[in-house]
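The values are calculated or read from the model by the stated rules, or taken from the named source; none is laboratory data. Computed from a predicted model, the values in this text were never measured in an experiment. Cβ atoms come from the backbone with ideal geometry, glycine included; neighbour counts cover every protein chain shown.
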Amino acid sequence: MTRSDGDAYGDGPVAGSARVTVEAIGGIGECAVEFRPGVTVLSGQNATNRTSLLTALNGVLGGERATLKSDADRGEVALHLDGQVYTRTYTRQGNAVTASGTPLSEERELVDLFVGLVEGNDARRAVERGDDLREVIMRPVDTEGIQARIQERERERERIEQELSEIERKRDRLPERKARREELEAELAELGADLDEVEETIEAYETSEAEAKGAEALLEEIDDRRQERDRLERDIQTQRTSLEALRDERGDVEAELETLTVDESSLDDLAEEIDRLRTRKRELDDLISDLSAIVDVNEDLVANDAGALPGVETGTSSPTAALDPISQEVECWTCGSQVSKAAIADRLEELRDVIDDQREKRSDIVDDLDEAEKRRTEIRTAADERDDLEARLGEIARQIERREERLEALREDHERVQQEIETLDTRLEENDELEDSELVEHYQRLSDLEYERGQLDQRLSEVEAEIEDIQGLAANRERLESQRDELTDEIESLRSRIEDLERSAVEQFNDRMADLIDLLEYENVERVWIERKTGTGGRAGSSTTFDLHVVRESEAGAVYEDTVETLSESEREVIGLVVALAGYLVHEVHEDVPFVLLDSLEAIDAERIDGLLDYFSAYAPYLVVALLPEDADAIDTEHERIPADVLAA
């Protein structure tokens, strides 16, 4: 491939350059081109595959604009950039064309909106069609996802707030727990004195060794049974507490199940609708691909002097036709009749309109398909949640049954031990050897005091453990407060993200537009700017609009606001490009996709095109633009040039 100054391309990669190879895409059979950083101009007449190259490049960057050549079953685009290779392969299977490979970016919408600025680009056409500029610039932002994230973080913050409230409730109990510890310590000290007194009495008591041993053994057995009874009472209380918690959880799960709506009956209808929409989308993809291929082929037929297809002959040339090539007649390759190139050009324009209509239909189909798939996912998620809740109910029921059985067994053991204690007490009272001895009473007193001391020790241990836990809550409270503050900051950041993006988009547009009005010197256009207006209600950003204003200056120097409809085609084109540039900058597309692709700038004069390219190149590392030869000749000669003959099919 050659440059306009005669230097050769393709002798080897240039440092920092990007190399693209294309096979069977659009109207291109096979080609390889290299782009250096800066502005690269694709110079040539219409229908010379410049747009096919741009759409192929758009596809490998991550967009959807590339189409498979009509007479090919497989096409491929490869991009060599910064030591990496990115690919996009298109394969025809029956009536459908599927895309595969690893493009540069997975953000298809960002690439299609703000990188591939060809003729049908939504951002470029927004002003002309009167589209909502906010919707165009903010389209890639997942507003629903942001809202879901906000709700998730708010629920997490609420849980932490509840934990902090529980910590404060426990901390409020600390003085009372400390006072209770002092009371128990005092009771234990008093009880210890009583025990010492009883033990001294027993030691001083005059009785036989047999009497003492008999009383002590019987009382030890009674004490063992009492301890076993206490353990059983604690186990019974534990089981009751667990049963109460399980029954509460069962109530919560049952209540959640009652509020959960699952309409599985519509799944079959949704599956049929999704299949229908997918089939319709494939049909539209194929139709758009076929029509685009027809347009490419016939554009070559109109643009070339010789026959563009094998076996197709041009009509007899005339002096008039030589002066006006578009009036030449050619043999129609479909019906064989002689038709003028102008008639074919008119029909191609009609086909382009049809392609645009089909693309709009496909866009609507894609929206409907996304909605249907989203609804099916919601139903399936709800069904899974219902199944999980029902499984949890079953598990809770089994746990309740097991704990009720355990509770019943503990109650029976408690009743048995209590009867044993009563029997032992009776034996002690009826013991003939000890009947008239006061030693039994002393031993009973000693046993009661030791039992009471054990109870007090247990309570004191529990109170001290509670005090220790409360005192250890300070670090946990600090951690939770830090988490709560982080969540609050994140929630505020999420809430302001959409607003910040909107404000940034408006600022970027207004600043870039002001620069270009000065640079391109449009007559009597004083200012073009966007006003961000917010309404009330709705989720974040949904009630915001971007109002486009045009301010002109009269011949007398008076400034007045005019309507968008009065803008010239050139002015509308520039504003549309600035809309795209604002999106490119706001969404920081250049960080992942260092390209901007421009086409169809015929409405803008060459001098202004030159200024526009210089301005855009300051923001896009690689700016690739398709220009007519006369426009290409009039702009900065330092820009890289790629002649259209390199892209021949």
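Within the range 81-93, does at least one residue satisfy the condition of being touching an Asp or Glu at 6+ places or on another chain (Cβ under 8 Å), without any contact (Cβ under 8 Å) to a residue 60 or more places away in the chain and in a helix (DSSP H, G or I)? No: zero hits.
If you go through the range 145-167 and keep only what is touching a residue at least 24 places away in the same chain (Cβ under 8 Å) and of a type outside the set (Val, Ile, Thr), you end up with Gln147, Arg149, Arg153, Glu154, Glu156, Arg157, Glu161, Glu163, Leu164.
Here is a yes/no grid of residues against (1) modelled with pLDDT of 85 or more; (2) surrounded by 12 or more Cβ atoms within 10 Å (Cβ to Cβ); (3) out of contact with any strand residue (DSSP E or B) (no Cβ under 9 Å at 6 or more places or on another chain):
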site	(1), (2), (3)
Thr98	yes, yes, no
Pro103	yes, yes, no
Asp132	no, yes, no
Ile160	yes, yes, yes
Asp194	yes, yes, yes
Glu199	no, yes, yes
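Per-residue answers, yes or no, for (1) hydroxyl-bearing (Ser, Thr, Tyr); (2) farther than 30 Å from Gln147 by Cα:
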{"position": "Gln455", "(1), (2)": "no, yes"}
{"position": "Val463", "(1), (2)": "no, yes"}
{"position": "Asp469", "(1), (2)": "no, yes"}
{"position": "Gly472", "(1), (2)": "no, yes"}
{"position": "Arg477", "(1), (2)": "no, no"}
{"position": "Gln483", "(1), (2)": "no, no"}
{"position": "Ser504", "(1), (2)": "yes, no"}
{"position": "Met513", "(1), (2)": "no, yes"}
{"position": "Asp518", "(1), (2)": "no, yes"}
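Ala212 - would you say it is modelled with pLDDT under 80 and surrounded by 13 or more Cβ atoms within 10 Å (Cβ to Cβ)? Criteria met by Ala212. Residues in the range 441-491 that are hydrophobic (A, V, I, L, M, F, W, C) and in contact with a Lys or Arg (Cβ under 9 Å, 6 or more places away or on another chain): Leu460, Val463, Ile467, Ile470, Leu473, Ala474, Leu487, Ile491. Restricting attention to the range 482-496 and to residues that are touching a residue at least 12 places away in the same chain (Cβ under 8 Å) and not basic (Lys, Arg), the residue that is surrounded by the fewest Cβ atoms within 10 Å (Cβ to Cβ) turns out to be Thr488.
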